[in-house]
1. Test of the criteria: in segment B:192-297, which trypsin sites (Lys or Arg not before Pro) are in a DSSP loop and have at most 13 other Cβ atoms within 10 angstrom of their Cβ?
2. Testing the spin-label approximation: label points 7 Å from Cα along Cα→Cβ at B:Ser105 and B:Ser560. State their distance in nm.
3. Arrange the following residues from fewest to most other Cβ atoms within 10 Å of their Cβ: A:Ile95, B:Ile294, B:Ile273.
4. Note down the nm distance, to one decimal, between modelled labels 7 Å out along Cα→Cβ at A:Glu38 and at B:Glu254.
5. What ranking of B:Phe61, B:Phe238, B:Phe177 emerges when the number of other C-beta atoms within 10 Å of each C-beta is taken as an exposure proxy, fewest first?
6. For A:Phe111, enumerate residues with amide H under 5 Å from its amide H, sequence gap 5+ or separate chain, H modeled in the peptide plane.
7. Please report the equivalent ellipsoid semi-axes of segment A:13-139, computed as sqrt(5 x eigenvalue) of the Cα gyration tensor, largest first, in whole Å.
8. Would you please give the FRET efficiency between B:Lys14 and B:Ser76, computed as 1/(1 + (r/R0)^6) with r the Cβ-Cβ distance and R0 = 30 Å, to the nearest 0.05?
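Nothing in this text is a laboratory measurement; each read-out follows from the coordinates by a stated rule. Because the structure is predicted, anything quoted here is derived from the model rather than measured. Glycine gets a Cβ as well: all are built from the backbone with ideal geometry, and neighbour counts include every protein chain shown.
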Amino acid sequence: MISLYRWNFCEGKACGEAAGDYTDRVWSRAENVSNFMEADSIFGPDSRLVYKHYATLYFVFVFDSSENELAMLDLIQVFVETLDKCFRNVCELDIVFNYSKLHTILDEIIFGGQVLETSSAEVMKVVEEISRQESASNSIGLVTKTVSGWRNR
Amino acid sequence: MDSLFQRSLDDIIKGLRHQQAGESAFVSKVLEEVRREIKSTDSHTKSTALQKLTYLHSICFVDMSWAAFHAIECISYPNFTHKKVGYLAISQSFQESTPVILLISNQLRKDLKSNVEVEVSLALECLSRIGNLDLCRDLTPEVFTLMASSRIPVRKKAIGVVLRLFGKYPDAVRVCFKRLVESLESSDSPPIVSAVIGVFCELASKDPKAYLPLAPEFYKILVDSRNNWVLIKVLKIFTKLAPLEPRLAKKIVEPICELMSKTGAKSLMFECIRTILTSLAEHESAVKLAAGRINELLIDEDPNLRYLGLHALAIVAPKHIWAVLENKEFVIKSLSDPDPNIKLESLRLVMEMVSESNVVEICRVLVNYATKSEPEFCNVILGSILSTCSNNVYEIIVDFDWYVSLLGEMSRIQHCQKGEEIENQLIDIGMRVQDVRPELVRVGRDLLMDPALLGNPFLHRILSAAAWLCGEYVEFIRNPVELMESLLQPRTSLLPPSVRAVYLESAFKALVFCLHSYLKSAHGENGEASGTTLIQENHITPDSVLHLLNLIDMAVGPLSGSYDVEIQERARNILGFTELIKPVLSDSLHPQDERHKQQVEASKMVRLLHDTFSDELGPVSMSAQGRVPVPDGLVLHENLADLEAVCGSSLPASSATISFEGSHNVEGATSIFISDQKEESEPSSESTSLLAEHRKRHGLYYLPSEKNTEHHEANNDYPPANELKSGVTVSNDAQDLAKLAEQSFLPKRKSKQVKARPVVVKLDEGDVLPISSKIPQAKDDSLSEAVRDVLLGNKAAADSVIRKKGKEKLNAKEQEDDLDHMDSQSGTVQNPVKERSKRSSRKQNADEGDHGGDKGKQKRRHRHGKHRTREGVQNPPANVISQTPVPDLLL
């Protein structure tokens, strides 16, 4: 079981434990039933939970009354599409080993608790830009380090 | 060279995945490494260590607050990768209370001004997650600048972060709000509109009233936008705004209906339906259209859509029950859907459809269904039956005999865990509805008789209620001996002590009742002839009395040594009584050696107790204490802190005066209780007369007063419930009418009620807490105040802030003009608004209409509107600024 928790406005451990509890409940749901669950007992009043799974990957979003239920299902779809584009057929291992990239993607889609981008193409643009920046800075870093390392010797 | 041998994040992840059992050992080893590496001066080593720590924090919830300073160091590195690691760590781990949080202020400012777009994004993201008051205040000018950035992604995020700024630092409104509103009109770039509408949606959900003046802008988006996300958000905003302004509702109903019928997106369609049902429910034709769309959802294959369809029906049910009744079959069928959401939602709807005429039928179906369901859902069903039937003092129950037997039946359902609720209702009904007591006692007896039930801990509470009822209303029992036997059966040892104590007390009551009726009849055999029937009816013969006494010796005797004080005390009471009564009674049991005097003594004793038990206690209203008028000269809210000083010097003297004052002042009120005492001071019952004596002496009383004599009489002369009837119906007239109107929708309605509804004693109707006190206060007063200031042109305040910030001035002149315009409009339409809103009983609106005119009145009506009152103090009434203007669109 792999889980990656991302909280926008939820503090620390309590949410982690709560999520563990909900993970079990989501897993125990039958196939072909609706994808919503009440979640107000843990995540506060009028919060609800929507989940969707693709093969072995489960995606769970918690939202409140400022969001539309079906739109949240779509948002999961957007997220998965983006992951698919990013990793070419996303699988468990991609998610396990690309911790920071996942955050980057999520940050582009959900910003400060609001949905800010719903086009996976737009998200990909930014993700690629960030990767470019990262590799650029890394190559510089590598050179300087070898040089400084050389000098230190 | 640390970095050469440093494990990367990938190594850690691999390592974690290969651990089978000793995961925590592995984690603590990694943590040790991290602690060492993070101190390195090499930026790469440090940031890798931080990255690993962040990962462990989010996967294993490892504490990383100690690394706060290292994270700050990382964001100051010029290398983008390191910076990013630092920002991620900060967003994951910082809280408002993190001590070093202020140290990032400068770095954030620097990055917000960076030329590299992704760096600006990092800083904005960080601010939106962890921004506290200080950070938000310091960085408001930078965010304000970015809100006009030419780079769309940056501008979008700057708008997103505004929500955090407003939340933490309301004065940011005075700086950023105008630019935010302007962004609403940037229809050339959809992402911007999407972001800004999202912000307004969040803002309006907290205090919709402040954003009413922006209705024209929102309306434009509603009509023009083609983006479903944006439309959904706009609809959410209108859901909040429409109830505040009937003319707005009228205006938007048509475009929303059009959107609903045209759109292909189910999410948008559902949002339209929800908006209509929640906020435009008065528009009959729109509701009809929405109902049509709901029907489409209900027959869809996708369970999500079916669930949401039912959910929509639940929204509409309170106002338009016909929409639910149209789909009655579907709703009932859905009770057996495999989907738990659908099941719950349909149960909710079934309960909405319950009325006086069909409650028997529906409950029958549901109870049958509950017995076949799995335990969890079974209890949900039972719970909703219980709450629906008891709603508003059993409003929908006509046949209480039926309901009481239903409660009995529910108790016997295998998975029933609603013991506490059933217990409360049984006792509650017993006390409120006099006519149902025989049936209650019958149901209670059946439960008590069944030894199998004693083994089910969920039923103990119900058994306790049954035992109490049978003891309290023992006169309705057909065979009290049998009752005694079941109350004292050996398996009662399975009960918890508190319930067992109730059993004992009931057994005591039943014993006294048996003896009393026996003696009465024995007496009657000698003198009067009337008692013979009683003997036959109650099966009480000299033999059965002997049997009872033996039973008590056998069953209660051992309990006199019980460790539980309640049980012990009650057992001893019973044993003491039987000890007393036995010698005198043995004579009367053998009538051949007749000694009249002894028998009289025995019957005297029994009668004394019997009278004590049969004396009924009237109900006491929950707010009785509150109705006691405070005597003149008694200051309840006086600060007693001074008293300490007084007490220190002369304690006895001061306390004496206080008690004297109390008794002296209240004496005058004693005369009210004549009726009270009449009832209470029956010569035979010592305890009650003592109570009356006590009351007389101290002038304590529960139910006053001269003001509402109707209530007073009803309460004190309990139980003559017939008198109460008139009082109840009068006060409930309005509710009854509403109920009748609602029922007229129902297709099948029994023409005649077979049985008249028994009187249900209600004391609590006046006691329900005023609803207004439950309405939550608007929390962010300062935010709404700021928004109102900006929107309504409280330019002095706005200007001062702006001057302080040295930023662009708001166009005050323009706003003033707007305001004048709006004021003149609102002046003319003030009255209609008031009238209409009164009719629809929307307090919020009434308040709006009255706002300028009648401050005093408003203050009284809105105790919760704290900020409004404050505003009233700040702005003199002559200043029209505080009046909510009416947007152009509405005219």
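1. B:Arg226
2. Taking the two extended label points, one gets 8.0 nm.
3. Going from least to most buried by this count: A:Ile95, B:Ile294, B:Ile273.
4. Between A:Glu38 and B:Glu254, the label points sit 4.1 nm apart.
5. Ascending Cβ contact count within 10 Å gives the list B:Phe61, B:Phe177, B:Phe238.
6. Residues meeting the criterion, in which the H sits 1.01 Å from N, are A:Leu116.
7. After diagonalising the Cα gyration tensor, the semi-axes are 27, 16, 15 Å.
8. FRET efficiency, B:Lys14 to B:Ser76: 0.45.
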